[in-house]
1. Can you tell me which residue in region 36-66 is modelled with the lowest pLDDT, limited to those that are of a type outside the set (S, T, N, Q), outside any loop (DSSP other than H, G, I, E, B) and farther than 12 Å from Ala23 by Cα?
2. Looking at region 15-24, is at least one residue of a type in the set (Val, Ile, Thr), buried (at least 16 other Cβ atoms within 10 Å of the Cβ) and assigned to a helix (DSSP H, G or I)?
3. Taking region 103-117, which residues are under 16 Å from Leu36 (Cβ atoms) and of a type in the set (A, V, I, L, M, F, W, C)?
4. Consider Val82 carefully, then state whether it is without any contact (Cβ under 8 Å) to a residue 60 or more places away in the chain and of a type outside the set (Lys, Arg).
5. I'd like the full set of residues that are in a strand (DSSP E or B), open to solvent by 90 Å² or more (accessible area, probe 1.4 Å) and more than 18 Å from Ile141 (Cα to Cα), limited to region 84-125.
6. Could you check Glu80 against (1) part of a strand (DSSP E or B); (2) at pLDDT 85 or above and say which number it fails?
7. Just to verify a result, which residue in region 11-35, among those that are at pLDDT below 90 and small (Gly, Ala, Ser), is farthest from the chain's Cα centre (by Cα)?
8. For region 51-78, name all the residues that are surrounded by fewer than 16 Cβ atoms within 10 Å (Cβ to Cβ) and either touching an Asp or Glu at 6+ places or on another chain (Cβ under 7 Å) or closer than 14 Å to His26 by Cα (or both).
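The values are calculated or read from the model by the stated rules, or taken from the named source; none is laboratory data. Predicted model, so just to flag it, every value in this text is computed and none were measured. Every residue, glycine among them, receives a Cβ derived from its backbone with ideal geometry; neighbour counts consider all protein chains shown. What goes into the accessible areas is simple: the full protein's heavy atoms, side chains included, and nothing from ligands, DNA or RNA. Shrake-Rupley method; radii C 1.70, N 1.55, O 1.52, S 1.80 Å.
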Amino acid sequence: MTNHTIAILSSLTQELPVGTNLALLHFMFMLVSGALLPNRGAMFPALKSIGLSDAATRRAWAAFRKGVWQMPAILVLWREQVKQMPGWQEHRYEGYRPIPADITAFWRPALKNCPSKHYHPAANRALPAVIMGVTGEVGEINGQRIALPRAFERVHPKDMPRRACKMMKFWWWTLA
């Protein structure tokens, strides 16, 4: 499974400039491996947990933060890769494709002066959080429903009530 994952991530990063390509590959592998979960979202420990040296960890962080790459281009390559997989079926309803939109929050209760808050059910109140909007295309591979991300957008704190509610309740439909 790991070799297959690395092959897919390599195809996504191979056209990037030398230096950014390998470091971003390491960063993306850390993301998809789930290493952030046991490290509670801390990127440096998560990068170290996948076996990177200190120098490679710093390069991966730098590539993510300042590398020459753009998320929309990576998402297009990712969607193309998945759609070429055997068993991929796009969901269509009477000629339309649903494009769901939702929001998610990365809670940061210890972050000082965090400008945005989001409701956390376990705390039963709004906590400081970084809020992201997500849109995707719906389909399935071998009976497993998945959404292929189209866009990730940080919800600006000043837009929070209006924009987040629209993203959470709104489904886009595109003519196939």
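1. Met43
2. Checking region 15-24: at least one residue is of a type in the set (Val, Ile, Thr), buried (at least 16 other Cβ atoms within 10 Å of the Cβ) and assigned to a helix (DSSP H, G or I).
3. Ala105, Phe106, Trp107
4. No, not satisfied.
5. Across region 84-125, the qualifying residues are Tyr96, Phe106, Lys117, Tyr119, Arg125.
6. (1)
7. Per the stated criteria, the residue is Gly19.
8. Correct list: Gly51, Ser53, Asp54, Ala55, Arg58, Ala62, Arg65.
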